[in-house]
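Scroll down for the structure; my scribbles are underneath it.
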Amino acid sequence: MSLFDMFTQEIAIDLGTANTLIIHNNKIVIDQPSIVAIERSTGRPIAVGEQAKHMQGKTHEDIKTIRPLKDGVIADFHASEHMIKEFIKKIPGIKGRFIQPALRIVICIPSGITEVEKRAVRDSAQKVNAKEVRLIYEPMAAAIGVGIDVQKPEGNMIIDIGGGTTEIAVVALGGIVCDKSVKIAGDVFTNDIAYFLRTHHNLYIGERTAERVKIEVGSAVEDLDVDIDDIPVQGRDLITGKPKEIMVGYKEIARALDKSIIRIEDSVMETLSLTPPELAADIYKTGIYLAGGGALLRGLADRLHKKTGLPVFVAEDPLRAVVRGTGIALKNMDKFNFLIK
């Protein structure tokens, strides 16, 4: 063990459009929204993560909240660099150290990413004192996190519905055989809900409220087995301009999300149609695995099961499947040959 290894800390990062998660010493130490609040006059960041999320939609003209990632890739380089830096500073094993340790980092990236976008991820990691940066494709990380043995010569299908992108992939022999990355995911669902309430109820709601509705009564089908109570939703009446409250149920939300879910279904069918026959035979036996926050949408697994005729399994703790897989890849860095240098 060299001196360099003694001062090196290893971390795995799931840099998501909605949430950023970091694993250090096999524990999830950071799980925060990917948001930065910035002072306009100086350009100085004033808050990141949960603290910045509370400000979202409530700022005055001197503060703006930015989500540095859009569709799974870095859209605002400075903000994302600052966000990563602040999150790393908050890691219990690293904060308060006199000498900032060198880092060995594995970060996951969407499968439909371009070379330029890859470089942006790598560059922002190198800015935070990373001596070694490896990248792993999200569907691969999700597959490992779900508990699939990706090195085996057996096909498995994984669908990772994140905030910015839905990644659909067939993995076998430690590689991605065919994949599709669509920009329809949690953020689009949230916008669908806000649009639906605006057009059907003349109620104007903010992003945070729309997200709360999605989490509390979001559904992919209009007839769920368990009944969910309607919830009160407050916003601004577009006709009178006054604040008002309405009750919203899951059936309405299912109608609001229908078009987006059809597009995800179509992408799944398309990926299945591109799968080589031997792997298709495997998938018939192994089924489809769902990961990512979108996997928590009620009735989605049933709906995909009806569409594909295959068994659909939701990962346990789907929000953390990707970062768990990234953490396992970090531990087995030398064994896994699919990490991108």
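The values are calculated or read from the model by the stated rules, or taken from the named source; none is laboratory data. Please read all numbers here as calculations on a predicted model, not as lab measurements. Counting neighbours? That spans all protein chains shown, and the Cβs are built from the backbone with ideal geometry, glycine included. Just the protein is used for accessible areas: all its heavy atoms, side chains included, with ligands, DNA and RNA removed. Shrake-Rupley method; radii C 1.70, N 1.55, O 1.52, S 1.80 Å.
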Under the 7 Å Cα-to-Cβ spin-label approximation, ASP149 and ARG263 lie apart by a distance in nanometres of 3.9
In whole Hz, with x marking every Gly and Pro, tabulate ³J(HN,Hα) for region 61-78 from phi via Karplus 6.51 cos²θ - 1.76 cosθ + 1.60, θ = phi - 60°. 5, 8, 10, 10, 9, 10, 9, x, 10, 10, 6, x, 10, 5, 9, 10, 4, 5
Under the classification rounded if a/c is under 1.5, otherwise prolate if a/b is larger than b/c and oblate if not, where does region 180-324 fall, given a ≥ b ≥ c as square roots of the Cα gyration tensor eigenvalues? prolate
First measure r as the distance between the Cβ atoms of ASN337 and HIS305, then evaluate 1/(1 + (r/R0)^6) with R0 = 35 Å and state the FRET efficiency to the nearest 0.05. 0.55
Only loop residues by DSSP count here, and only those with at most 12 other Cβ atoms within 10 Å; note down the trypsin sites (Lys or Arg not before Pro) in region 6-74 that meet that. ARG40, LYS58
Of all C-alpha pairs within the chain, those more than 33 angstrom apart amount in percent to 31
Charges only on Cβ, +1 for Lys and Arg, -1 for Asp and Glu: so what's the dipole of region 1-73 about the Cα centre, in debye to the nearest 20? 280
Counting only heavy atoms of the protein chains, get the accessible area per residue of the chain (1.4 Å probe) and round it to a whole Å² value. 48
Amide H within-cut-off set for THR20, under 5 Å, with H built and near neighbours excluded: GLN32, SER34
So in region 17-170, what percent of DSSP beta bridges are antiparallel if you round to the nearest 5? 75
If you average the alpha carbon positions of region 266-341 and of region 41-115, how far apart do those two centres end up, in angstrom? 28
Compactness ratio of region 100-210: Cα Rg over 2.2 N^0.38 Å, N = residue count? 1.37
Got a sec to turn the phi values of region 292-297 into Karplus ³J(HN,Hα) couplings, 6.51 cos²θ - 1.76 cosθ + 1.60 with θ = phi - 60°, whole Hz, x for Gly and Pro? x, x, x, 5, 7, 5
Against the rule of thumb 2.2 N^0.38 Å, how large the Cα Rg of region 203-263 comes out: 1.19
Rounded to the nearest 0.05, what FRET efficiency is calculated for ILE231 and ILE46 with R0 set to 22 Å and r the Cβ-Cβ distance? 0.10
Tell me, what HN-Hα J-couplings in whole Hz come from the Karplus equation 6.51 cos²θ - 1.76 cosθ + 1.60 at θ = phi - 60° for each residue of region 89-95, using x for Gly and Pro? 5, 7, 5, x, x, 10, 5
Taking only C-alpha pairs under 8 Å that are 6+ residues apart, what is the relative contact order of the chain in percent? 18
Determine the share of the chain's accessible area contributed by carbon and sulfur atoms, expressed in whole percent, with a 1.4 angstrom probe. 51
On the formula 1/(1 + (r/R0)^6), with r taken between the Cβ atoms of THR240 and PHE313 and R0 of 51 Å, the FRET efficiency rounded to 0.05 is 0.60
Roughly speaking, what is the stretch gain from ILE215 to PHE7, that is 0.36 nm per residue apart minus the C-alpha to C-alpha distance, in nm to one decimal? 70.7 nm
Counting only DSSP beta bridges with both partners in the chain, the antiparallel fraction in percent, to the nearest 5, comes to 65
I'd like the accessible area for HIS78: 1.4 Å probe, protein heavy atoms, all chains in place, Å² to the nearest 10. 140
Total charge dipole magnitude, region 184-254, about the Cα centre, Cβ charges on Lys, Arg, Asp, Glu only, Debye to nearest 20: 500
Along Cα→Cβ, 7 Å out, is where each label goes; now give me the distance between the ones at LYS251 and ARG119 in nm to one decimal. 5.5
Length added when fully stretched, ILE99-GLU278, from 0.36 nm per residue minus Cα-Cα: 59.1 nm
Nonlocal amide H pairs with ILE109, under 5 Å, H built at 1.01 Å: ILE136, TYR137, GLU138
Exposure of SER260 as accessible area (Å², to 10), given a probe of 1.4 Å and all protein chains: 10
For a quick check: with amide H placed at 1.01 Å from N, whose amide H comes under 5 Å from GLU154's, ignoring anything fewer than 5 positions away on the same chain? LEU173
